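What follows draws every value from the coordinates through simple rules; no lab data is involved. This one's a predicted model, so the numbers in the text were calculated from it and none came from an experiment. Note: ideal-geometry Cβ built from the backbone for every residue, glycine included; neighbour counts use all protein chains shown.
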Amino acid sequence: MVIIDDVTLTYKGATPAVTAVRGTSLTVDHGEFAAVVGPSGCGKSTLMRLVTGLVKPTEGTVSVDGALVTGPVKIAGMAFQNANMLPWRTVIDNVMLPLEIVEPHRSRFRKHKAEYRARAEALLATVGLAGFGDRFPWELSGGMQQRASLCRSLIHEPALLMLDEPFAALDAFTREELWCVLRDLWQRLHFTVILVTHDLREAAFLADTIHVMSARPGRIVQTKKVELQRPRDLDICFEPAFTDIVHELRGKIAEVRQA
């Protein structure tokens, strides 16, 4: 689904120029759940921008679903650390926003609005927000807003979901609850995921593969396959095999931070 081939990106607007990633290669298969971890400022979020076509590489190429990325990728959905819900729109209208923007939904949105609304309501029910569609974002807790944000990123049924620390601002209990929500959505809908996170437990719980980045300029220095059986329950976080993965990742990140 995603191929990043020997990519370097230098931000030239800064003085002096800053190279965010250098000689970076990464492959994510169709239907795979991949996580990217690394020290702060290593270029994790830059990888997200490269894959979605928001920035172009200085060197190398990025391909998504067999096509070279030359501009914004329409088959991708995105969710961020902040839910970024529009306060003047109801929750369900926030969820349906991509349908008003992304083709082919945009051209058929008005005629099929009732059908799209039913889809949005079903998605909200899946994440535990049945009955909240007509509320406004400021009437919801932070965790509920993030659930709605996940629905918004999935409403147009993207083949690729890009997540940039979507649970980082939440408390531990809400964060773990949303891990399970995301796990269940992914297992049901079979989309491809790239998750950027600082939380090594989150990466180990959710991902099939974890990519570790070096300090800036970032590059992939380790790719770890997570051989934990699926489906995974939260109890797995206390098992030795799980904690061994977390300790290995933590050790690698400590090593690259000092390099």
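Size descriptors for segment 9-61 (Cα atoms only): Rg and Dmax, in that order, 12.1, 40 Å. If you take all other residues with their beta carbon under 13 Å from the beta carbon of Asp199, and give Lys and Arg +1 and Asp and Glu -1, the sum is -1.
With each run of n ≥ 4 DSSP H residues scored as -39500 (n - 2.57), what mean residue ellipticity at 222 nm is computed for the chain after dividing by its residue count and rounding to the nearest 500 deg cm²/dmol?
Numbers: 8 runs with 89 residues, N = 259.
Roughly -10500 deg cm²/dmol at 222 nm, from the helical runs in the chain.
On the basis of the beta-carbon distance and an R0 of 35 Å, Leu97 and Lys12 show a calculated FRET efficiency of 0.60. Ignoring lysines fewer than eight residues from Lys224 along the same chain, the ones with Cα atoms less than 24 angstrom from its Cα are Lys44, Lys252.
Which angle between 0 and 90 degrees, to the nearest 10, do you get for helix 142-154 versus the longest principal axis of the chain when only C-alpha atoms count? Here the helix axis deviates by roughly 90 degrees. The 3J(HN,Hα) values that the Karplus relation (6.51, -1.76, 1.60; θ = phi - 60°) gives for segment 225-236 are, in residue order, 7, 9, 8, 8, 5, 10, x, 9, 9, 4, 4, 5 Hz. Gly and Pro appear as x.
Taking the Cβ of Gly53 as the centre, find all other residues whose Cβ is under 14 Å away and add up their charges (Lys, Arg: +1; Asp, Glu: -1). Here the charged neighbours net out to +2. With both labels modelled 7 Å from their Cα along Cα-to-Cβ, the Thr27 to Leu189 distance reads 2.7 nm.
Net charge around Gly218, counting only other residues with Cβ within less than 9 Å of its Cβ (Lys, Arg = +1; Asp, Glu = -1)? Let's see the in-between values first.
Details: positive: Arg22, Lys44, Arg216, Arg219; negative: none.
Charge balance in the 9 Å sphere: +4.
Taking a ≥ b ≥ c as the square roots of the eigenvalues of the alpha-carbon gyration tensor, segment 85-158 is classed prolate because a/c is 1.5 or more and a/b outweighs b/c.
Does segment 137-178 come out rounded, prolate or oblate, given a ≥ b ≥ c as the square roots of the eigenvalues of its C-alpha gyration tensor, rounded meaning a/c under 1.5 and, failing that, prolate meaning a/b above b/c?
oblate
Derived scalar couplings between HN and Hα for segment 171-178 equal 6, 4, 5, 5, 4, 5, 4, 6 Hz in order, rounded to whole Hz, by the Karplus curve 6.51 cos²θ - 1.76 cosθ + 1.60 (θ = phi - 60°), x for Gly and Pro.
Label point of His198 set 7 angstrom out along Cα-Cβ; within segment 235-259, amide nitrogens under 20 Å from it belong to 246-259.
Counting only aspartates and glutamates at least 8 places from Lys111 when in the same chain, those with an alpha carbon closer than 20 Å to its own are Asp93, Glu100, Glu103, Glu121, Glu157.
Between Lys56 and Glu255, the C-beta separation translates, for a Förster distance of 30 Å, into a calculated FRET efficiency of about 0.45.
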